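As structure tokens, the structure follows; a few thoughts come after it.
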Amino acid sequence: TLAGKPRTVFLDEPTAGMDATARRALLLDIGAFAAGGGAVLLTTQQLAEAEQVASRVVLLVRGRTLLEGTVGEVRARAGIAKVTVRAEELPRLPGVASVESSVDRHVVYVEDADAFVAALVHSGVSFRELEVTPVSLEDAFVTLTRGAGG
């Protein structure tokens, strides 16, 4: 697709069926093409890949534009942060949008990470391996499409 130095390429699920090495190489090639001034329209359900190479994102739900912007703008629009923590059990704390738990590992999506961590510390619950990170593009998509038919 990139042979012949086109100005624009359209790629639909370009990494589907690729092994990890080929996928990484193709994503590097796409990034280099775009950095060299080429335009890429990429359609994918692999949002982690889109997050790596996209300068702008359009989220579609049922064929309609739900949101458009940079990766950072889309993540910020979700209005949540991601807190990962290990604890036997988490108490009910304010500002929690959702929780995904597996054994003693909890991924908590919160509106205000600082307030959540303060409440967790004050709860007296024993915990370890606390990590606060911005949400991924996939996390934002799930949050933004909840209830929108996505």
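Descriptive notes on the structure:
- Folded to 0 to 90 degrees: helix 113-123 orientation relative to the chain principal axis, Cα: 30 degrees
- Per-residue [θ]222 nm for the chain (sum of -39500 (n - 2.57) over DSSP H runs n ≥ 4, rounded to 500): -10000 deg cm²/dmol
- The range 46-81: trypsin sites (Lys or Arg not before Pro) in DSSP coil with no more than 14 other Cβ atoms inside 10 Å: 56, 62
- Residue-wise HN-Hα couplings along the range 69-74, as the Karplus relation 6.51 cos²θ - 1.76 cosθ + 1.60 with θ = phi - 60° gives them from phi, are x, 6, 4, x, 5, 5 Hz; Gly and Pro carry x.
- Among [x] -0.34, -0.49, -1.40; [y] -0.37, -0.53, -1.28; [z] -0.47, -0.64, -1.17, the entry derived from the coordinates for log10 I(q)/I(0) by the Debye sum over Cα atoms at q = 0.10, 0.12, 0.20 Å⁻¹: [z]
- GluC sites (Glu not before Pro) lying in DSSP loop within the range 81-111, provided at most 15 other Cβ fall within 10 Å: 88, 89, 111
- Across the range 82-96, computed HN-Hα scalar couplings (Karplus, 6.51 cos²θ - 1.76 cosθ + 1.60, θ = phi - 60°) run 10, 10, 10, 8, 9, 6, 4, 8, 9, x, 5, 10, x, x, 8 Hz from first to last residue, x flagging Gly and Pro.
- Packing-based ranking, highest mean first, of 20-29, 3-12 given that Cβ atoms within 10 Å are counted: 20-29, 3-12
Read-outs throughout are calculated quantities, based only on the coordinates presented, and are distinct from any laboratory measurement. Remember, predicted model here, so these are calculated numbers, not experimental data. Every residue, glycine as well, gets a Cβ built from its backbone with ideal geometry; the counts of neighbours run over all protein chains shown.
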